[in-house]
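The values are calculated or read from the model by the stated rules, or taken from the named source; none is laboratory data. Computed from a predicted structure; not experimentally measured. Neighbour counts are summed over all protein chains in view; Cβ atoms, including those assigned to glycine, are modelled from backbone coordinates with ideal geometry. Protein only, heavy atoms only, side chains kept; ligands, DNA and RNA dropped before computing areas. Shrake-Rupley method; radii C 1.70, N 1.55, O 1.52, S 1.80 Å.
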Amino acid sequence: MNKKDMRRTDWRRILRREYISRDCRMHGLRGKESLLVIREVTGPLVVHDAGEDALIVEKDYAWVQIALEGQPFWLTAMYDDQGRLIQIYFDITGGNRFDAPENPWFADMYLDIVVNSRGELYVLDQDELDAALAEGAITKEEWDKANAACARLYAYLQENRESVTELCGRIYRELGERLASL
């Protein structure tokens, strides 16, 4: 399992970044939301998911991230340099950790859900989760939990895509204004 943090400190591709975060409360759960603005990169990053090429990392692109305590997912909404939403990406996690309050992290459980720029919803990397089980990198219990979390989140997103998109846009604007005033 890979460990990923909110500041994306492991990404050598990002040469210069701006970052701001704040505590949040959603549906009675505490968490953290952040804005990472990518100011300089070694090169762009294009992903190919479900028939769509999406440029997700480039100069002046921004990522909104939301992590909630006790939830098995991590939301990342990606915006281009004009502030247009590229996609919303949900990592299914082994839990979100807040022991470093300014830089929460999670253990990636391989499965992902994407809401692309056209509003289409799909699951990625079931094969990676299955391979992790076959190789002994995760237990059957972890495999079951990841699949169950993915199914619950997918069902939620089928009914609530628009409100999640609006929430991400609001956080993008608010944190962007705070970052600009610093």
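Quick look at the values:
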read-out	value
Lone unmet requirement of (1) open to solvent by 70 Å² or more (accessible area, probe 1.4 Å); (2) without any contact (Cβ under 8 Å) to a residue 40 or more places away in the chain for L45	(1)
Every residue from the stretch 87-125 that is over 24 Å from L29 (Cβ atoms) and either modelled with pLDDT of 95 or more or of a type in the set (G, A, S) (or both)	S117, G119
Some residue of the stretch 79-89 being part of a strand (DSSP E or B), over 23 Å from E141 (Cα atoms), hydroxyl-bearing (S, T, Y) and touching a helix residue (DSSP H, G or I) at 6+ places or on another chain (Cβ under 8 Å)	yes
When residues of the stretch 1-28 are limited to those that are under 16 Å from Y172 (Cα atoms) and outside any strand (DSSP E or B), the one most open to solvent (accessible area, probe 1.4 Å)	R7
Positions within the stretch 139-156 being in contact with a helix residue (DSSP H, G or I) (Cβ under 8 Å, 6 or more places away or on another chain) and touching a residue at least 60 places away in the same chain (Cβ under 8 Å), in sequence order	A146
Residue list for the stretch 105-163, restricted to those being in contact with a Lys or Arg (Cβ under 9 Å, 6 or more places away or on another chain) and acidic (D, E)	D108
